[in-house]
Amino acid sequence: MPPRRPSPSSRSGTGRSAGGATADRRPNASGGGGSRRVSAVPEEDWSAPLSGEDSQDGGDPELYGDAEPVRSRTGETRVASIDDVRPEAEEPAEDEDNSETTRAGPPVLMLVLDGPDKGRKKRFKGVRMVVGRSKDCDFALGDQTVSRRHLELVYGESGVVMRDLGGISGTQVNDQKVDECILKHGDEISVGKTRLRFVDEGELIKEMRAKAESGESEEKAEKKEEKKDPRLDEKTNANYKLADLMRDEKARKTGVPRPRPVRSSAREGFKPTFKMKVGAAVGGVLLLFLILGLALSKGNQPPPKPPVDPNLARAQELMQRARDKVRDGEYVDAVRFAQEAEKLRVGIDVDGVAKAAQQLQDILDSFQTVRALMAENRYPEARQKLAETPQGMARTDDVRKKLEEDLEAGEQKYTLGLVDAALAERRPDDARTLIAELPQGMRSLYEQKLADLEALLAKEAAQAARQAGIRQAVAAENAKQRRAEFVAEAFQDVERRFNGGDFQRATLEVDRVMDKYRGEADIQARARNLKKLIPQFRSAFEEGQKKYENNSLEASVKPLRRAAEVYRQIGFNGSLGDTLDNELASASVAAGQAAFKRKEYPAAGRSFREALRLNPGDSRARDGLDELQKKVEELYLSAYISRDRDPALATEQFKIVIEASAEGTDVKRKAEMALSELQKAGGS
């Protein structure tokens, strides 16, 4: 936009420049009431941008998270005023996080305002964007407090829909926890320690256009004001009258009459005398000097001090005490002082000290509730309460970390106490279930104690059977069977939900069983074990299913095998186990064939034998073992021939034959004998 020029001045020589400084005026050579264009003072910088124009490039700091967001009356976060919004610079090239998305997409993007990824932004490449910690997400975050797949954004006819995908810390939109909602331009989304902003570029362009239109209207109004005729000003008219009087005096002295302007008939009745004119001129000059002197005297005097507001000083003192209390960790007093200051002076708590202190106090109260639950040995509820507690600052994070360690140690100690009680009360079934909850490094000791108890109980049962006869043994067995049936019946709904693939509802049914059978230790132990195993099975099973459905059979073996192991630990029977065994058998065949092609014969043998164990009628696994057997026999002959010429190579080949061959086969037995002879010869 070119710099503005000052408006034409009047014949009195007064005017204003664009910067407010006075400039010289020259009369027009042609005479009349016109004037020449004002020349600016040399020091005036006409190249500087006008008020309201922005000469700097870059985006709006509030829009990209560098300024405090503006709050609406409803408490929802909205984008800053249109005067602060700037067209965003060309977006730098960003690595595609998901190869399945396309370059085309709706005109919306996500900005990271706070967190480990602060400053990053991600445009929509399609109609769906998944945000989370996993590298497979469309927008992968480095925040470790964010879930692997935390939320998804879906673009549709009604707008962009945000859905929470079950993240542990949940999702907040404009500081309100929600599971699903339609986003509006400027909405802020909080996940873990990361804060995001949703930007609709269409709405942003509308705001920029409205800003441009308002700027043009203001400029037109300003130009209209500048074109105002200065002769309409009262001071200018006074100057005109004074100049006329001075011309009359000059005409009287020189004797040359000044031409009089044509006056209307309304004014011809009044004709001032010469003395009146001179007196008026002298009086006007004295009046001007008097006004100038008063202005200079007032300019030298200091401005009067504003009156002191006692409420403001008291409110500032209370706010300082509130900040000191926050620093000392006394958040209740900090809230009280800040609220008292706000009553004295509304709006003085600009930093939100009361809100921040209340949040920190709520976190500490939640920690205290967790400790109370731990004292009552209600560890699952304590863990859930701790997970629901929001993140705070570094001081509360240290307390949280220590509390998590205490929770883990306390739960482990409580479980050990239950195991010892079960062993002391000679309840091997309960002890076995509880031992499964212990860390791997601590199980061996208690498994040995359990074995000793079972051996003792077996010995005592044998003696009791001999002494009391068969009926007592049958009664004990019946009681045990009834107990097993009672426990199985308690988890019938859990097993039905689990085998139906509804793992989340199965977990909820486990909680219901725990509430219903609070006095049954074995049921409580099995329920706690299921709450740990079901999520492990779900993760491994879904990963294996995904790879299996994508025809990555060899890669699906490991997660499917893990899922099968966890399924056996869970102890349910149903169609889900059969499906898992069939898929694992098929994937094992594919893994065995791939290993056979790579000449990894031991791995191929293990895969084929696992497939036959899961599905004895699998012809592909049987054919693979037959081919492997032929290859192993050829390898044995090669090793046997070269055992004298190259003992090291023969030794390696014999080991491969032994590992790849099935137990009890003739070739494995001969390879073991040949290897033993080579080792003896090498040792001698």
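Within region 429-440, identify whether any single residue is over 30 Å from L165 (Cβ atoms), at pLDDT below 85, out of contact with any helix residue (DSSP H, G or I) (no Cβ under 6 Å at 6 or more places or on another chain) and assigned to a helix (DSSP H, G or I), and answer yes or no.
yes
Give the residue that is farthest from F486 (Cα to Cα), with candidates limited to residues of region 422-433 that are touching a residue at least 12 places away in the same chain (Cβ under 8 Å) and of a type outside the set (D, E).
If we take residues in region 422-433 being touching a residue at least 12 places away in the same chain (Cβ under 8 Å) and of a type outside the set (D, E), then L423 is farthest from F486 (Cα to Cα).
Quick one: would you say N573 is open to solvent by 80 Å² or more (accessible area, probe 1.4 Å), at pLDDT below 85, out of contact with any Asp or Glu (no Cβ under 6 Å at 6 or more places or on another chain) and not charged (D, E, K, R)?
Considered against the rule, which asks whether it is open to solvent by 80 Å² or more (accessible area, probe 1.4 Å), at pLDDT below 85, out of contact with any Asp or Glu (no Cβ under 6 Å at 6 or more places or on another chain) and not charged (D, E, K, R), N573 comes out as yes.
Which condition number does G126 fail, the rest of (1) open to solvent by 20 Å² or more (accessible area, probe 1.4 Å); (2) over 11 Å from L196 (Cβ atoms) being met?
(1)
Quick one: which residue in E583, E600 is under 30 Å from D493 (Cα atoms) and of a type in the set (D, E)?
Sole residue among the options that is under 30 Å from D493 (Cα atoms) and of a type in the set (D, E): E583.
Out of K325, K355, K343, K401, which single residue is assigned to a helix (DSSP H, G or I), at pLDDT 85 or above and within 30 Å of G441 (Cα to Cα)?
Going through K325, K355, K343, K401 in turn, just one is assigned to a helix (DSSP H, G or I), at pLDDT 85 or above and within 30 Å of G441 (Cα to Cα): K401.
Check whether at least one residue in region 407-418 is over 20 Å from R383 (Cα atoms), among the β-branched types (V, I, T) and out of contact with any strand residue (DSSP E or B) (no Cβ under 6 Å at 6 or more places or on another chain), and report yes or no.
For region 407-418, residues over 20 Å from R383 (Cα atoms), among the β-branched types (V, I, T) and out of contact with any strand residue (DSSP E or B) (no Cβ under 6 Å at 6 or more places or on another chain): absent.
Could you give me the residue pairs with C-beta distances under 7 Å whose first residue belongs to region 434-459 and is without any contact (Cβ under 8 Å) to a residue 60 or more places away in the chain, whose second residue is of a type in the set (D, E, K, R) wherever it lies, and which are 6+ apart or on separate chains?
Listed by first residue and then by second, the contacts come to I435/R443; I435/E447; L450/R432; L453/R426; L457/R426.
Is it fair to say Y331 is modelled with pLDDT of 85 or more and over 30 Å from K531 (Cα atoms)?
yes
Please enumerate the residues belonging to region 532-553 that are farther than 25 Å from V494 by Cβ, open to solvent by less than 80 Å² (accessible area, probe 1.4 Å) and assigned to a helix (DSSP H, G or I).
K547, Y548, L553
Conditions (1) part of a helix (DSSP H, G or I); (2) in contact (Cβ under 8 Å) with a residue 24 or more places away in the chain, marked per residue:
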residue: A475; (1), (2): yes, no
residue: Q481; (1), (2): yes, no
residue: A488; (1), (2): yes, no
residue: E495; (1), (2): yes, yes
residue: T507; (1), (2): yes, yes
residue: G519; (1), (2): no, no
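Under 6 Å by Cβ, and 6 or more places apart or on different chains, what pairs join a residue from region 197-218 that is closer than 17 Å to G105 by Cα with one that is open to solvent by less than 50 Å² (accessible area, probe 1.4 Å) and not in a strand (DSSP E or B)?
Close Cβ pairs (under 6 Å, with a partner that is open to solvent by less than 50 Å² (accessible area, probe 1.4 Å) and not in a strand (DSSP E or B)) amount to F198/L183; F198/D187; D200/H185; E203/H185.
Which is modelled with pLDDT under 85 and of a type outside the set (S, T, Y), of Q391, Q384, Q368, Q361?
Exactly one of Q391, Q384, Q368, Q361 is modelled with pLDDT under 85 and of a type outside the set (S, T, Y), namely Q391.
Considering only region 630-678, how many residues are assigned to a helix (DSSP H, G or I) and surrounded by fewer than 16 Cβ atoms within 10 Å (Cβ to Cβ)?
So the count comes out to 17.
Only one residue in E477, E447, E454 is farther than 26 Å from R383 by Cα, open to solvent by 70 Å² or more (accessible area, probe 1.4 Å) and in contact with a helix residue (DSSP H, G or I) (Cβ under 9 Å, 6 or more places away or on another chain), so which one is that?
Answer to the check: E447.
Those residues that are polar (S, T, N, Q) and not in a loop (DSSP other than H, G, I, E, B), I need them from region 101-145; list them, please.
Those that are polar (S, T, N, Q) and not in a loop (DSSP other than H, G, I, E, B): none in region 101-145.
Say we look at region 554-576 and pick out the residues that are touching a residue at least 12 places away in the same chain (Cβ under 8 Å) and of a type in the set (G, A, S); which of these is nearest to A488 (Cα to Cα)?
G574
Just the residues that are within 11 Å of the chain's Cα centre (by Cα) and surrounded by fewer than 22 Cβ atoms within 10 Å (Cβ to Cβ), please, taken from region 150-168.
Selection gives G167 alone.
If I ask for residues that are over 21 Å from A564 (Cα atoms) and not hydrophobic (A, V, I, L, M, F, W, C), which ones from region 494-520 would you list?
E509, D511, R512, D515, K516, Y517, R518, G519, E520
Out of all the residues in region 171-180, which are open to solvent by less than 30 Å² (accessible area, probe 1.4 Å) and without any contact (Cβ under 8 Å) to a residue 40 or more places away in the chain?
Across region 171-180, the qualifying residues are T171, V173.
Which ones in region 268-279 are open to solvent by 60 Å² or more (accessible area, probe 1.4 Å) and either modelled with pLDDT under 70 or part of a helix (DSSP H, G or I) (or both)?
E268, G269, F270, K271, F274, K275, M276, listed by residue number.
Got a number for residues in region 184-203 being more than 19 Å from A140 (Cα to Cα) and open to solvent by 10 Å² or more (accessible area, probe 1.4 Å)?
Of the residues in region 184-203, 6 are more than 19 Å from A140 (Cα to Cα) and open to solvent by 10 Å² or more (accessible area, probe 1.4 Å).
So which residues in region 581-627 are open to solvent by 30 Å² or more (accessible area, probe 1.4 Å) and among the acidic types (D, E), if there are any at all?
Hits for region 581-627 are D581, E600, D623, D626, E627.
A422 - would you say it is under 35 Å from the mean Cα position of the chain (by Cα), part of a helix (DSSP H, G or I) and surrounded by 15 or more Cβ atoms within 10 Å (Cβ to Cβ)?
No; evaluated as a whole, the condition is false for this residue.
One line per residue, one yes/no per condition, for (1) on the phi > 0 side of the Ramachandran plot; (2) touching a Phe, Trp or Tyr at 6+ places or on another chain (Cβ under 8 Å):
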{"position": "D114", "(1), (2)": "no, no"}
{"position": "D117", "(1), (2)": "no, no"}
{"position": "R128", "(1), (2)": "no, yes"}
{"position": "V146", "(1), (2)": "no, no"}
{"position": "R149", "(1), (2)": "no, no"}
{"position": "D175", "(1), (2)": "yes, no"}
{"position": "I189", "(1), (2)": "no, yes"}
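The values are calculated or read from the model by the stated rules, or taken from the named source; none is laboratory data. Keep in mind that what you see is a predicted model, and the values were worked out from it rather than measured. Neighbour counts run over all protein chains shown; Cβ positions are idealised from the backbone, glycine included. Just so you know, the surface numbers come from the protein's heavy atoms only, side chains and all, with ligands and any DNA or RNA stripped out. Shrake-Rupley method; radii C 1.70, N 1.55, O 1.52, S 1.80 Å.
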